[in-house]
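Enquirer: What follows is a single structure, and I will ask about it in a moment.
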Amino acid sequence: MHRLKDKVAVITGGNSGVGAATAKLFANEGASVVITARREAALEAIAKEIEEAGGTVLAISTDISKPEDPERLMETVMERFGKIDILVNNAGILEEGLKPIDRFADEDLDRIVDTNQKGTMRCMRAATKRMKTGASIVNVASVAGYAGCGGAVYVSTKAALIGLTKHTALRFQAEGIRCNAVCPGTIVTPMTSALKPDALDQDMFGAMSTHSNLRTQPCTAEDVANILLFLASDESRAMTGQAIVTDFGASL
């Protein structure tokens, strides 16, 4: 308890799945949490749960794919709390199916890059302008970006987050601002549960099954949130620039 006492944590994609689980856990550990997402009703529902449990929370409806929204978000956080100690870049979207490099759709490329890559970069730019020594950024990447197992567009964005994690850690090492990434395997969340098996590209699915154990148990949102807590807390203060795979060994 209280591993994040007096910290201010911004969590994107905080209205469901990993983001919601992380917000609840961080609030329980003493942080003031700022949750943000596009779906305002779902965001307010999570905020209500946190408040009823005795936590401090601010819900801000934000679309990180819009260039102006991340800057507005971080400025609002500063006006309310006066600092940003933790940024968890969790917001992300999938394409339908597992379209490989020879069959990806341009509309998927534009839509997913705008959120997963550009949106995350803009959040990091806006937050790092305001962060001080001791701050921690944690990017929710994916084993897809680490091992290539997924649709081409999604893989490209999550691989970009791993590279950006290392870049940011290098850029701010002297200032004492850390940046790490978590690369989960399959997670049981509303987003993944909505995938339609008949829409999966069978060539890509077959290639993935050859190189990983798809029968391994999936992560829960809480499994990932626990690792995010460690990387956000001072317990991991010696770690920066790392990408940690969390998939119960499925990709070994």
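Enquirer: Select, from Tyr154, Tyr146, the only residue that is touching a strand residue (DSSP E or B) at 6+ places or on another chain (Cβ under 6 Å), open to solvent by 30 Å² or more (accessible area, probe 1.4 Å), touching a residue at least 60 places away in the same chain (Cβ under 8 Å) and assigned to a helix (DSSP H, G or I).
Expert: So the residue among Tyr154, Tyr146 that is touching a strand residue (DSSP E or B) at 6+ places or on another chain (Cβ under 6 Å), open to solvent by 30 Å² or more (accessible area, probe 1.4 Å), touching a residue at least 60 places away in the same chain (Cβ under 8 Å) and assigned to a helix (DSSP H, G or I) is Tyr146.
Enquirer: Kindly indicate which of Gly163, Gly176 is at positive phi and modelled with pLDDT of 95 or more.
Expert: One residue alone meets the criteria, Gly176.
Enquirer: Collect the residues in the stretch 217-226 that are part of a helix (DSSP H, G or I) and open to solvent by 80 Å² or more (accessible area, probe 1.4 Å), keeping them in residue-number order.
Expert: Residues satisfying the conditions are Glu222, Asn226.
Enquirer: Mind checking which residues of the stretch 4-17 are open to solvent by 10 Å² or more (accessible area, probe 1.4 Å) and under 18 Å from Leu228 (Cβ atoms)?
Expert: Scanning the stretch 4-17 gives Lys5, Lys7, Gly13, Asn15, Ser16, Gly17.
Enquirer: Related question: Suppose we filter the stretch 227-242 for residues that are open to solvent by 30 Å² or more (accessible area, probe 1.4 Å) and under 13 Å from the mean Cα position of the chain (by Cα); how many remain?
Expert: The number of residues fulfilling the criteria is 1.
Enquirer: Among the residues of the stretch 186-197, is any in a helix (DSSP H, G or I), open to solvent by 10 Å² or more (accessible area, probe 1.4 Å), modelled with pLDDT of 90 or more and more than 23 Å from Thr120 (Cα to Cα)?
Expert: No, the stretch 186-197 contains no residue that is in a helix (DSSP H, G or I), open to solvent by 10 Å² or more (accessible area, probe 1.4 Å), modelled with pLDDT of 90 or more and more than 23 Å from Thr120 (Cα to Cα).
The values are calculated or read from the model by the stated rules, or taken from the named source; none is laboratory data. Keep in mind it's a predicted model, so treat the numbers as computed, not measured. Cβ coordinates were reconstructed from backbone atoms using ideal geometry, including for glycine residues, and neighbour counts include every protein chain displayed. Ligands, DNA and RNA are stripped out before the accessible areas are found, and what is left, the full protein with its side chains, is counted by its heavy atoms. Shrake-Rupley method; radii C 1.70, N 1.55, O 1.52, S 1.80 Å.
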